[in-house]
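**Student:** Mind having a look at this structure? Questions to follow.
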Amino acid sequence: MSASGGTKAIIAAFSANLGIAVTKFIAFLFSGSSSMLAESVHSVADSGNQLLLLLGGKRARRAADAEHPFGYGRARFVYAFIVAIILFSVGGVFSIYEGVEKLLHPEPLENAWLPIVVLLISIGLESFSLRTAVRESRPHKGNGTWVQFIRRSKAPELPVVLLEDIAALTGLVLAFLGVGLTIVTDNAIWDGIGTICIGVLLVLVAIVLGFETASLLVGEGATAKDTHRIRQAIAGTADVERIIHMKTLYLGPDELMVGAKVAFNREKTMSDVSYSINQIEEAVRAAVPVARVIYIEPDVYVDPTAAIPETDSIIIKTTD
């Protein structure tokens, strides 16, 4: 994922969420709607999340040093995981708590028209944020589905913003239904139910984000498509007999490490092997540009199924 694309989507989401949070909180103060309070907290949490994503991107750009010889690229994974935790705790759990309180102690809405107007404006702003995230994500999604994009993307920012925007837009619709049914039925229980639904939605989204970013933190290798390209690049280099084994690991969203043990003809000189290794590195980087750290170990292939040649036995005779 390009840094500019991710940053543009994050800034659009931050601007929308900050404006929405202020208007929602004002609507809550005048109406007393728990759905509006839950949505206010949700938008505040989302705004903080976008700042964390920007901070993670900035820290990931630090140069490698002795303590972190492979750089700080994984900082983006760390901050995305923190976002999932905040979305779960601050957004989801608080909303569920507030909804339960509303069910136990229902209060009538005041100035009911105000939250309806605010929710309609918020839906428009959130739709703009989601539209920006979709537009920035589409080039990276390729021909796969959106679910595949979220699950397989190595850059966490766009999937996080996408899921946050989808959750926010769905939450606004739930809040609209909760407030609307409360006005129609004159029963505040619907406002509490809407708030609980918002909380459950946020918890589910946070769990999905948590699992996906945790997988990146543990360490993911190249996709099957990129792995095939790397293997083709290595095998297609002159003097390479075969790939004995190969492993890949993402050091960050934009940096892939490739380690491979490659078999060369045993008659090749060290100079020949060194030249071939340089050719392999160029071919791999051309095939998969994010493969920036490459280690090639030259070896001679020995068929493990081949019969071990018999050796003459040595008999030692002793005399009395």
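**Student:** What's the total number of residues in segment 194-207 that are crowded, with 16+ Cβ neighbours inside 10 Å and closer than 29 Å to G252 by Cβ? Before you say what the answer is, go through the steps one by one.
**Tutor:** At the first step, the residues of segment 194-207 found to be crowded, with 16+ Cβ neighbours inside 10 Å are 194-199, 201-203, 205-206.
Going one step further and asking which of them are closer than 29 Å to G252 by Cβ, we end up with 202-203, 205-206.
Number satisfying all stated conditions: 4.
**Student:** Evaluate segment 2-22: report whether one residue or more is of a type outside the set (V, I, T), farther than 23 Å from V134 by Cα, crowded, with 19+ Cβ neighbours inside 10 Å and in contact (Cβ under 8 Å) with a residue 24 or more places away in the chain. I'd like the intermediate steps shown before the answer.
**Tutor:** Applying the first criterion (of a type outside the set (V, I, T)) to segment 2-22 yields 2-6, 8-9, 12-19, 21.
Restricting the remaining residues to those that are farther than 23 Å from V134 by Cα gives none.
The answer is no; no qualifying residue exists.
**Student:** Anything in segment 104-126 that is surrounded by 14 or more Cβ atoms within 10 Å (Cβ to Cβ) and in a helix (DSSP H, G or I)? List them, or say none.
**Tutor:** The answer is L114, P115, I116, V118, L119, I121, S122, I123, L125, E126.
**Student:** If a residue must be closer than 17 Å to E281 by Cβ and of a type in the set (S, T, Y), how many such residues does segment 212-245 contain?
**Tutor:** First, pick out the residues of segment 212-245 that are closer than 17 Å to E281 by Cβ: 222, 226-227, 229-240, 243.
Cutting the leftovers down to of a type in the set (S, T, Y) gives us 227, 237.
Here the count works out to 2.
**Student:** From the list S47, S43, which one is free of Cβ contacts under 8 Å to residues at least 60 places away in the same chain, part of a helix (DSSP H, G or I) and either in the same structural domain as G194 (by TED's automatic domain parsing) or among the β-branched types (V, I, T) (or both)?
**Tutor:** Values: S43 fails: free of Cβ contacts under 8 Å to residues at least 60 places away in the same chain.
After ruling out the rest, the residue left standing is S47.
A quick yes/no check of all residues on (1) within 30 Å of I85 (Cβ to Cβ); (2) in contact with a strand residue (DSSP E or B) (Cβ under 6 Å, 6 or more places away or on another chain); (3) not in a loop (DSSP other than H, G, I, E, B):
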residue	(1), (2), (3)
A206	yes, no, yes
F211	yes, no, yes
A222	yes, yes, no
I277	no, yes, yes
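**Student:** Something else about it: Any idea which of (1) touching a residue at least 40 places away in the same chain (Cβ under 8 Å); (2) surrounded by fewer than 21 Cβ atoms within 10 Å (Cβ to Cβ); (3) within 30 Å of A27 (Cα to Cα) is the one D191 doesn't satisfy?
**Tutor:** Evaluating D191 over (1) touching a residue at least 40 places away in the same chain (Cβ under 8 Å); (2) surrounded by fewer than 21 Cβ atoms within 10 Å (Cβ to Cβ); (3) within 30 Å of A27 (Cα to Cα) leaves (2) as the failure.
**Student:** Kindly indicate whether A235 is modelled with pLDDT of 90 or more and surrounded by fewer than 17 Cβ atoms within 10 Å (Cβ to Cβ).
**Tutor:** Working: modelled with pLDDT of 90 or more: yes; surrounded by fewer than 17 Cβ atoms within 10 Å (Cβ to Cβ): yes.
In short, yes.
The values are calculated or read from the model by the stated rules, or taken from the named source; none is laboratory data. Computed from a prediction, not measured in an experiment: that's the story for all the values here. Don't worry about glycine lacking a Cβ; one is built from the backbone with ideal geometry, like all the others, and counts go over all protein chains shown.
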